[in-house]
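Below is one structure, written out as structure tokens, with a few remarks after it.
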Amino acid sequence: MDAELFAILAAWSVATLRSATPLIFATLGETLTQRVGVINLGIEGEMLMGACVGFAVGVATNNPWLGLMAGAFAGALLSLVYAFLVLVTHANQIGSGLAVWMIALGTTSYFGRALVGQQVTPLPNLGSDWMDDIPFLGVLFDQMTMAVPLAIAAVLFAAWWLANTRPGMQWRAVGESAVVAAENGIRPRLVRLHAIVVGGLLAGFGGAILSVDYTQTWAQEMTKGRGLIAVGLVIVARWKPILVLPICLVFGLAEVATLRVQSAGFAVSPHLLAAVPYLVVLLILIVSHIMPRRDTGMPADLKSVFA
Amino acid sequence: MSGPVVEFKAATKRFGATVAVDTATLDIRSGEVLAVLGENGAGKSTLMKMLYGIHPPSEGHILIDGKPSAVQGPADAMRNGIGMVFQHFSQFPALSVRDNLLLAWPKTPFWTGRRNAGIAPALATLAELAPHIDPDVRVADLSVGEQQLVELSKVLNISARIVIFDEPTSVLTPAEAHNLHGFIRRLADDGMAVILITHKLADVTACADRIAVMRRGAIVDVSASGEKPISSIVSLMMGKEIKRTLTAPKPIKQRVEQLFLNNVCAKAPGMELRNISLRIAKGEVLGIAGVAGNGQSLLADVIAGLHPITSGDVVLEGQSIARRDVRQTLATPLGYIPEQPRENAVVEDMTLLRNLNLRALAAGSRVDDEALDLLSRFNVNPPEPGRLAGSLSGGNLQKLVSARELGTPRSGVLACYPTMGLDLAAIEMVYQELFAQAEAGAAVIWISEDLDDLMLAAHRIAILREGEVVAVKDNDGTLSRDEIGALMTGLRIDEVAA
Ligand SMILES: Nc1ncnc2c1ncn2[C@@H]1O[C@H](COP(=O)(O)OP(=O)(O)OP(=O)(O)O)[C@@H](O)[C@H]1O
Ligand SMILES: [Mg+2]
């Protein structure tokens, strides 16, 4: 009885973790970008590009790690386009983000056709023989790849980075006020460039995990709005990297639950069910805003994006 | 002696059609304090921002050590050993004091964790200057005087050889200003070039070696301190003779109490107000005196309905105007001049007209356009209703806020340091308007750090210490500075005098 319960629990945990992992990377990237006062809707495109390029390289080289790195690189490259539009030509942030997204949508749909139906070598599982007997953990590690611990490490590292390093401090400062930062001898444009590229790197990596590790296939428009969800989750996480983890896990759990309900054969429209994770996030957002609080954690300079 | 460290050579700065600084020629030398005087909008801040790289000159040039200045921006300025304490502080309110200090320090190591010994020097100056400030507190939770000390530490941390102070004493108590004077003197004696922009003649007599006077963008006079009598310097500044004639408001004939603080308690980080009870009558001006950081800003926020009270009430003409909950929307009926008007009272990227009508805008009602009358009545310069508020000089912005808050009849007025950063003529004008409100029937609360002014004009003076009103004194001509000083600090009179 106990063993059975453990098995179910482990199965759900693993599914949640795996479905949340791509989102954790993307949300973390967007959090860091927004911390310097920039809203990048192009993150959806950067994820998609990462997924496409990562999958292609993974297939071509038979090495999933090379695929993941190529995906991250592609995301960063695309984020440079966004950075150019926003920082050099001073284009509107929202418009530039949409433009980048459209670029990614077009190119991946075109070049991705050859990838449909291809097989990619998956990442190895973390489990080993001696673990199999351990209840819960045995199952957990058996179905988990390095992607999950990497995501957790990235979140912890980012939180620590912001709080304990000089560049991290400068990122926070630029997000509060680019004008005051400049008066203090910081170069806000350079700082924003760094954060946008790091955001692109993480989003691309997240996208590659989606195609190479999670679904192990390529499908057109496969990110299905995950990048945009990341933009929303940043607000729920109050711009704090450390909160990205639990928030994304809630989203992952909701997604897993709806999948299980679907496969258990309940007669609910799959389209309605697919909306559930988004509703859950919306609910958290509403509740967290109703709770009285003066300090929202929003970087002050972000407000000017909407002015 | 070597040549000047900085030379302005016919430097001009235009903003569109405005000539903020007009062919200024001036030299700055090491080891001396140069005071820059001038009325609001004379171009003092702009002159120094040219040196600091924020506004490069439109014409003419600046030499540093005899070579054309290559300063392109503040970062360059700091690298060249130029530090500036701004009129509006350049701080991040949402970040801690530590972070603010480290951000402005060029030698900040890569690891800024608490245990890294490399960050200690950045905090050492503050520890020396103001040991009572906790570096982990957010800057937003500090009083203005404390914020300035943080700002000062930042500049000292870059081991500057040229230090610019833009009206540093306008936000300080007399005691704090006195400390600062000594401090500025020491900087100059250590060989630094110090530039002190100010309106206060006390600053000039206390520590200046030379005095430059600006009027309408031009440098009209440079003389050694003591060479000319103060009165002639003032007349150079104003272009007309100004006498200090603070006329107190009329005494109250019959006390009709109108504004009540009943056992007000409130809490904010680092400050707690306990059982504050005050009754202000129609036509009365109640002064509030106290050493900075004893609860003035929290008290003002509570009376203005910005900060929630934990118990008690604030009542104006029988109606409660206190906030009980952060979520409540509340527009204060008081005429309210907050401290630091640039941050707290104007929308910098709206026009003067819209700023004058903020209340109507918030309520969604029609905006009227008697702006021009108000702007000229309160001497806001330039009086162009369509101009953006952000482009006004510090003093003119303060006048703009006064115009909005005192320009229409009110039943209650709350003025926090209403003359901060104003020149003598403007101070006179604001006081007149403030007292006129009282004479027209308003109950006026006037928070000030200038004891002399309070004693000249307030009907009664309440003394605030550590979040409590320790005494309310009738200002009947028998009050002495020492007595109030003793109440403010909690020391006995003989200790204060010593
Ligand atoms: N960024 C700007 N854009 C347009 N005009 C400006 C700007 N900054 C200053 N000015 C104008 O230049 C003139 C000089 O302003 P400045 O701030 O140097 O005055 P100030 O002498 O420092 O006055 P105060 O004592 O009131 O601070 C003013 O008329 C002001 O309106
Ligand atoms: Mg000024």
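Computed values, structure above
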read-out: q = 0.16 Å⁻¹, chain A: log10 I(q)/I(0) [Debye, one scatterer per Cα]; value: -1.33
read-out: Kirkwood Rh and Cα Rg combined as Rg/Rh, region B:4-238; value: 0.97
read-out: Mean Cβ count within 10 Å, highest first, over the residues of peptides B:443-452, A:72-81; value: A:72-81, B:443-452
read-out: Net charge, A:LEU126 excluded, C-beta distance under 15 Å - Lys, Arg +1, Asp, Glu -1; value: -3
read-out: Among the listed pairs B:LYS67/B:LYS107; B:LYS107/B:LYS154; A:LYS224/A:LYS303; A:LYS303/B:LYS399, those beyond 21 Å (Cα-Cα); value: B:LYS67/B:LYS107; A:LYS224/A:LYS303; A:LYS303/B:LYS399
read-out: Range of Cα positions in region B:163-232 per principal axis (Å), largest first; value: 30, 27, 22
read-out: Solvent-accessible area buried by pairing A with B, both sides, nearest 100 square angstrom, 1.4 angstrom probe; value: 2100
read-out: Cα-projected label distance for B:LYS107 with A:MET102, points at 7 Å along beta-carbon direction, nm; value: 5.3
read-out: Scattering curve values for region B:31-93, log₁₀ I(q)/I(0), Debye with Cα scatterers, q = 0.15, 0.29 Å⁻¹; value: -0.53, -1.40
read-out: Among A:PHE25, A:GLY138, A:VAL268 - extreme Cα towards positive end, dipole of chain A, charges at beta-carbon; value: A:PHE25
read-out: For region B:3-51 and region B:269-307, distance of Cα centres in Å; value: 39
read-out: Given charges at Cβ of Lys, Arg, Asp, Glu: the protein assembly as shown dipole, positive-most of A:LEU193, B:HIS181, B:HIS307; value: A:LEU193
read-out: Relative contact order (percent, whole number), chain B, Cα cutoff 8 Å, 6+ residue spacing; value: 15
read-out: Paired Rg and Dmax values of the protein assembly as shown, which use every Cα atom, in angstrom; value: 31.1, 98
read-out: Values of log10 I(q)/I(0), in the order q = 0.15 Å⁻¹, for region B:1-134 under a Debye, Cα-only, solvent-free model; value: -0.87
read-out: Extension reserve of the B:LYS250-B:GLU468 stretch, reckoned as 0.36 nm per residue once the Cα distance is removed; value: 75.6 nm
read-out: Charge dipole (debye, nearest 20) of the protein assembly as shown; +1 at Cβ of Lys and Arg, -1 at Cβ of Asp and Glu; value: 1040
read-out: Cα-centre dipole for chain B with unit charges at Cβ (Lys and Arg positive, Asp and Glu negative), debye to 20; value: 680
read-out: Principal-axis tilt of helix B:424-439 within chain B, Cα atoms, nearest 10 degrees; value: 10
read-out: A:LEU282 paired with B:ARG115, simple spin-label distance in nm, labels 7 Å along Cα-to-beta-carbon; value: 4.7
read-out: Distant-in-sequence amide H partners of B:ILE195 (H built 1.01 Å from N, under 5 Å); value: B:LEU34, B:VAL163, B:ILE164, B:PHE165
read-out: Computed E for B:ARG481/A:LEU150 - FRET, C-beta separation, R0 56 angstrom, nearest 0.05; value: 0.25
read-out: CD proxy at 222 nm, helix term only [per DSSP H run n ≥ 4: -39500 (n - 2.57); per residue of chain A; nearest 500]; value: -22500 deg cm²/dmol
read-out: Derived scalar couplings ³J(HN,Hα) [region B:29-41; Karplus, 6.51 cos²θ - 1.76 cosθ + 1.60; whole Hz; x for Gly, Pro]; value: 10, 5, x, 9, 9, 9, 8, 10, 10, x, 7, 4, x
read-out: Radius 14 Å from Cβ of B:ILE162, net charge of other residues (Lys, Arg +1; Asp, Glu -1); value: -3
read-out: For chain A: relative contact order, % (alpha-carbon pairs under 8 angstrom, 6 or more apart); value: 35
read-out: Ranked by how many other beta carbons lie within 10 Å on average, peptides A:85-95, B:420-430 from highest; value: B:420-430, A:85-95
read-out: Length gained when the stretch A:VAL88-A:ARG260 is fully extended (0.36 nm per residue, less Cα-Cα span); value: 57.2 nm
read-out: Net charge of Cβ neighbours under 15 Å - reference B:ILE252; Lys, Arg +1; Asp, Glu -1; value: +1
read-out: Cubic angstrom per residue, convex hull over Cα atoms of region A:129-194; value: 109
read-out: Residue-normalised accessible area of region B:386-498, given per residue in Å² at a 1.4 Å probe; value: 35
read-out: Averaged over B:91-104, number of beta-carbon atoms from partner chains that fall within 10 Å; value: 5
read-out: Folded to 0 to 90 degrees: helix B:174-189 orientation relative to chain B principal axis, Cα; value: 0
read-out: Region B:178-225-region B:343-363 distance, computed between alpha-carbon centres (Å); value: 35
read-out: Semi-axis lengths, Å, chain B, gyration tensor of Cα atoms, sqrt of 5 times eigenvalues; value: 37, 27, 23
read-out: For region A:17-73 and region B:95-122, distance of Cα centres in Å; value: 33
read-out: Cα centre as origin, Lys/Arg/Asp/Glu Cβ charges: region B:1-125 dipole, Debye; value: 500
read-out: Principal-axis tilt of helix A:43-61 within chain A, Cα atoms, nearest 10 degrees; value: 50
read-out: FRET efficiency, B:ARG14 to B:ALA360 (Cβ-Cβ, R0 25 Å, nearest 0.05); value: 0.15
read-out: Volume in Å³ per residue [convex hull over Cα atoms, computed for region B:257-497]; value: 127
read-out: Whole-percent carbon and sulfur share, accessible surface of region B:12-77, 1.4 Å; value: 49
read-out: Most positive-pole-ward Cα, B:LEU172, B:ILE484, B:GLY335, against dipole of the protein assembly as shown from beta carbon charges; value: B:GLY335
read-out: Ellipticity estimate at 222 nm from DSSP helix runs (n ≥ 4, -39,500 (n - 2.57)) divided over chain B, nearest 500; value: -9000 deg cm²/dmol
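The values are calculated or read from the model by the stated rules, or taken from the named source; none is laboratory data. Being a predicted model, the structure only gives us computed values, none of them experimental. All Cβ positions, glycine included, derive from the backbone under ideal geometry; neighbour counts span all protein chains shown. These area figures cover heavy atoms from the full protein model, side chains too; ligands, DNA and RNA do not enter into them. Shrake-Rupley method; radii C 1.70, N 1.55, O 1.52, S 1.80 Å.
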